[in-house]
1. For the stretch A:211-239, which positions are at pLDDT below 90 and open to solvent by 20 Å² or more (accessible area, probe 1.4 Å)?
2. Scanning the stretch A:486-498 for residues that are over 30 Å from A:Thr578 (Cα atoms) and in contact with a Lys or Arg (Cβ under 7 Å, 6 or more places away or on another chain), which turns out most open to solvent (accessible area, probe 1.4 Å)?
3. Find the residue count for the stretch A:519-546, including only residues that are of a type in the set (Asp, Glu) and either under 39 Å from the mean Cα position of the chain (by Cα) or open to solvent by less than 20 Å² (accessible area, probe 1.4 Å) (or both).
4. Just checking, does the stretch A:299-312 include any residue being among the β-branched types (Val, Ile, Thr), closer than 20 Å to B:Asn150 by Cα and in a strand (DSSP E or B)?
5. Going residue by residue through the stretch A:106-119, is there one that turns out to be of a type outside the set (S, T, N, Q), in contact with a strand residue (DSSP E or B) (Cβ under 6 Å, 6 or more places away or on another chain) and within 30 Å of A:Gly60 (Cβ to Cβ)?
6. Hey, among the residues in the stretch B:264-280 that are more than 30 Å from A:Val354 (Cβ to Cβ) and within 7 Å of chain A (Cβ to nearest Cβ), which one's surrounded by the fewest Cβ atoms within 10 Å (Cβ to Cβ)?
7. I'm trying to understand the selection: among the residues of the stretch B:187-210, which are at the interface with another protein chain (Cβ under 8 Å from one of its Cβ atoms), assigned to a loop (DSSP other than H, G, I, E, B) and either farther than 27 Å from A:Asp632 by Cα or open to solvent by less than 30 Å² (accessible area, probe 1.4 Å) (or both)?
8. Which residues, taken from the stretch B:1-39, are of a type outside the set (A, V, I, L, M, F, W, C), in a loop (DSSP other than H, G, I, E, B) and more than 10 Å from chain A (Cβ to nearest Cβ)?
Amino acid sequence: MTRSRTATGRGKARCGLIVLLVIVVLTAPAREILAEDGSRQAYSPGYSLGAGYNWTGLDGSRRVIEYSSGVKSPVLGADIEVYPLPHRLYLDLSTRERDDLYLDTGYAYKEVLLSRFIARGLTHNLDHYVLPASDPDEATRKYRDRDTNASYQTDVTTTDLFLRLKTPDYPFHLFGRYFGYDKEGTVQQRFLVGYFNDMTVTSRSRRIDFRTEELTIGSNGHFGPLEVEYTHGEKSFVPAGPKVLEDLYPATAQRPEDVYPHNLVPETRTSSDYIRAHSSYTGRITASASFGSIRQSNQDSSVERTIIVGAGQLAFIPMDALSFFLRFRYRDLDEEGPGTTVLRGQSNELAYKVRPSLDTRQREISLCIRTRPSRGVNLAGSYSVGRKDLSDTEEWLLADRNTTVNTFEFKAYGTVLKGARFRTTYKYTDLKNPLYNTDPDTSHELDLYASYTLTPGVFTVLTYKLRKERRDNLRFINTRTETPTETGQRDNTFHNVLGLLVLTPWERTSVTVSCGYYKNGLRQTLLYSTFLGDGSSEPGEPIAEDGVPYSDESTSYSVGITHRFNDRTDVSADMGQTFSKGKFRTENTLAESISSFSMLRVTETALSIKGRHEMNNGFGIETVLGLRDYNDRTDDQNDGKFYQAMLILTKRW
Amino acid sequence: MKPRLLLITALLLGLSIVYACTELKRSKPILPLNEYERMIAGRLDADYVGTETCLAACHAHDAIKAAFDASTMGTQLRRESGLPLVDCESCHGPGSLAIKGITRELVEENSRKGIKTECNYETLIDIKNLPAIAKSLICLKCHTGNATFNLHEWNAGVHAVNDVSCSDCHDIHEGADLKVKPKDTAAMCLDCHQEITAYYRMPSHHPVTEGKVYCTDCHNPHGTSTEKLLRKASVKETCTRCHGEKEGPFLYEHADLTDDCLNCHMPHGSPNNNLLTLREPFLCLQCHQSHRINTATGEPKTTALKGFFFTRCTNCHSQIHGTDIPSPGGKGRFIQ
């Protein structure tokens with residue numbers, strides 16, 4: 001069994017943090033507060049420390065705890081705020097299981113220095129997609145899982161450091177930000193060895209150690225009514241260790257048998273510059289503009305991408321009842337590659353021509369007008385028009401090189417009755433020359449939100465989102481003949497409903513019930529390739545099947561009860577369940593069994609009971625009991641149950 | 001460039017910088033927002049009484065007092081903080097009418113009797129019932145560029161347009177440097193964006209409700225020039241901040257589709273693995289013609305063969321976000 005284990009470095013970091021914590025607690029001077037007579041008196045810094053243990057049990061697949069290591073471990077927490085003025089320091093730390101870390105700490109000195117450091121760690125348990133058994137009658141179509149018992153997991157550590165220096169009494173800043181993202185572990189690498197004459201769908205474990213680092217520096221200052229900011233950023237993505245795999249590929253008509261590289265994870269670098277300017281935030285007329293240039297390069301294939309972005313906003317608020325907002329933005333993407341590439345096998349070198357990547361150019365302008373016809377009611381209408389142009393399309397067989405999107409939006413929101421708030425939006429979108437099949441010709445979207453406090457003890461929320469999309473003349477590219485084919489329609493209906501009811505029947509007890517329903521339903525023409533059927537490998541006419549239904553549904557509900565015995569003791573219990581299902585069905589007799597490979601039926605259940613009690617001397621106790629169940633109803637591959645009991649002792653000063 | 005021209009350019013640049021520095025502190029709106037500024041001026045017939053008056057007699061015993069003292073705004077009442085000083089009345093307006101007739105002795109006597117002495121709050125600025133823009137304006141009076149500089153896009157941003165004010169997210173009387181803790185953002189954002197909670201209950205979701213990923217990792221609530229208040233210039237830049245291995249550029253690109261990750265993924269949550277909008281193979285069949293569904297002799301493919309060609313497309317096309325290596329057929333099919 002292959003398991004990623006990267007806790008050593010994180011463990012050291014955690015030890016370091018605990019030492020830091022102890023130093024802060026022992027050395028922090030007392031804060032000062034104003035006494036009743038206006039004089040200053042010292043009082044103790046605000047500390048809270050907690051320690052405990054998390055007992056866990058896992059039965060079955062780790063999918064049930066997708067973002068958790070799920071192992072027994074100590075629990076630690078600290079919350080500190082100390083203000084020995086002019087210094088200000090706070091620290092919020094918690095770690096509830098192995099590979100879990102949350103640290104948010106900041107230090108500030110007067111108005112001159114402001115710093116913040118946020119670190120966190122998480123575990124992500126990944127699925128192991130099980131490949132079917134090879135059919136003995138299909139000698140040239142095989143499956144092979146080289147690590148059948150492997151479980152896959154990555155550990156992620158994120159660090160975010162922000163530092164700002166300000167000139168005293170002057171609005172001029174220098175700032176810097178470092179963002180680091182480390183992901184390491186073992187993932188499932190699926191790939192195809194061979195080609196149509198001899199194919200093996202293969203799976204194997206792959207160790208990864210990805211590191212993304214981003215450093216941004218900049219300055220910001222006022223020049224009269226204009227504020228200007230400049231930032232420069234450098235980002236790198238480096239896959240440490242072997243970044244490419246190699247396998248023996250059988251001979252095809254296009255190349256000889258050899259060991260060839262595959263599934264390369266390239267090293268990339270990004271450099272960016274932004275300049276932003278805006279007028280005062282507070283005026284009747286405010287304007288802002290930003291301009292950015294981003295340059296990205298692939299260190300392995302020498303491909304380079306340049307992105308130019310720009311945006312402008314103008315807000316004009318002549319009176320409370322009337323506001324105008326004008327926005328403009330553009331984005332140009334230009335990608336340059338070498339045009340050819342050489343595939344270096346162990347014994348052969350093969351040169352290939354590479355078609356140029358698509359370059360895009362996008363423009364969008366929108367105007368929004370908002371009025372308040374009466375107190376508590378707001379009406380807003382907006383219109384936006386956007387255009388996207390593609391270039392270098394010759395080898396991509398795209399029918400259109402540009403698309404235009406017109407969007408009209410109407411919105412009403414406010415308070416009609418005491419305690420009743422509403423928000424409703426209707427959006428109509430029209431696309432001229434939609435570029436891809438997933439783009440509709442027309443789209444209608446309705447968004448409703450209503451909340452009502454019936455009495456102080458009854459609060460309800462209802463949200464509903466409906467989207468209907470329609471597209472005629474879908475466009476496919478026949479991969480065999482490399483020619484475009486236009487046929488069929490696509491209808492998409494999307495619902496998302498959420499209802500929430502919060503009851504407070506007694507002063508110390510509240511009950512929260514929520515229900516959600518999501519459905520994404522599609523009916524679309526699919527196009528199937530065929531052989532001519534005369535024994536040759538010549539292609540036949542593709543077969544279109546209209547109105548193939550596809551749907552995803554998810555229904556969830558949750559019930560939560562909280563009871564506060566007194567100011568020092570409370571308990572809560574929560575239960576939630578989500579049912580998800582999905583299917584698509586084809587009536588084509590040749591393709592009819594496709595749907596069986598695309599079923600989804602999952603039930604997830606979560607139960608938790610939490611309690612908290614504070615004692616007189618500042619000590620407290622917190623408990624958590626939890627149960628999670630993941631029931632994969634299609635093939636039981638990901639079924640699992642997880643049990644948890646956590647006990648934490650806290651002390652507040 | 002000739003040396004003389006270079007000298008003149010440097011001189012002009014230097015003069016501009018000197019002029020800019022002399023103007024550095026002056027920040028005035030182009031046109032004042034008269035209507036809202038009147039709302040936040042407070043009673044013109046009232047006088048300022050000072051913070052000590054507010055705190056010494058009455059608000060020393062408030063439940064929020066300790067939290068307020070520990071907040072940045074609380075420390076800004078004290079000169080030793082080294083911060084720009086503020087006053088209770090900076091936000092609440094002049095308070096002389098509010099405390100008219102109230103003496104320290106009266107407060108203490110009432111306190112002994114168990115009676116809470118209340119100010120005449122109606123004479124202060126009615127912050128709770130101000131329009132959102134006016135509420136924000138109270139904060140923006142100081143937080144233009146002087147202390148905060150991430151508000152470039154606030155005014156025309158979707159939150160400001162939809163009447164969200166600073167105090168909807170920031171508790172002025174509590175917390176270090178008025179910051180919202182990242183781990184608290186989910187509860188705060190979902191309070192208004194209730195419909196998003198449904199996505200976080202689905203089988204595949206970003207661990208936001210688990211407290212491992214924060215709304216502010218992707219969104220900047222203070223406004224940006226992008227749609228959905230994205231922190232970065234585009235969806236792809238936002239996603240690849242963490243998913244760097246999918247950023248590229250690649251030799252073989254998936255047309256321009258991977259420039260917008262939302263073509264195939266739902267960022268908050270989905271019933272389908274990997275946050276896919278639809279399950280494979282339907283996801284791919286939306287745009288692509290399928291593999292052949294019969295044999296060379298025209299017979300239907302066996303169930304096993306259909307399973308081979310109509311299962312997860314990414315079993316074989318595993319480099320679907322882009323690749324630098326040509327496929328066995330010599331093209332960019334994302335197989336290799």
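The values are calculated or read from the model by the stated rules, or taken from the named source; none is laboratory data. Just so we're clear, the structure is a prediction, and the values are computed from it rather than from any experiment. So basically every Cβ, Gly included, is an ideal-geometry build from the backbone, and we count neighbours across all protein chains shown. For the accessible areas, the whole protein counts, side chains as well, though only heavy atoms, and no ligand, DNA or RNA atoms are used. Shrake-Rupley method; radii C 1.70, N 1.55, O 1.52, S 1.80 Å.
1. A:Phe223, A:Pro225, A:Leu226, A:Val228
2. So the residue we want is A:Glu486.
3. If we filter the stretch A:519-546 for residues that are of a type in the set (Asp, Glu), which is where we start, we get A:534, A:538, A:541, A:545-546.
Imposing the further condition that a residue be either under 39 Å from the mean Cα position of the chain (by Cα) or open to solvent by less than 20 Å² (accessible area, probe 1.4 Å) (or both) reduces the set to A:545-546.
The number of residues fulfilling the criteria is 2.
4. yes
5. No - not one qualifying residue is present in the stretch A:106-119.
6. The residue in question is B:Asn273.
7. Selection gives B:Met202, B:Pro203, B:Pro207.
8. Residues of the stretch B:1-39 that are of a type outside the set (A, V, I, L, M, F, W, C), as a first pass: B:2-4, B:9, B:14, B:16, B:19, B:22-23, B:25-29, B:32, B:34-38.
Of the ones still in play, those that are also in a loop (DSSP other than H, G, I, E, B) are B:2, B:23, B:25-29, B:32.
The one that is of a type outside the set (A, V, I, L, M, F, W, C), in a loop (DSSP other than H, G, I, E, B) and more than 10 Å from chain A (Cβ to nearest Cβ): B:Lys2.
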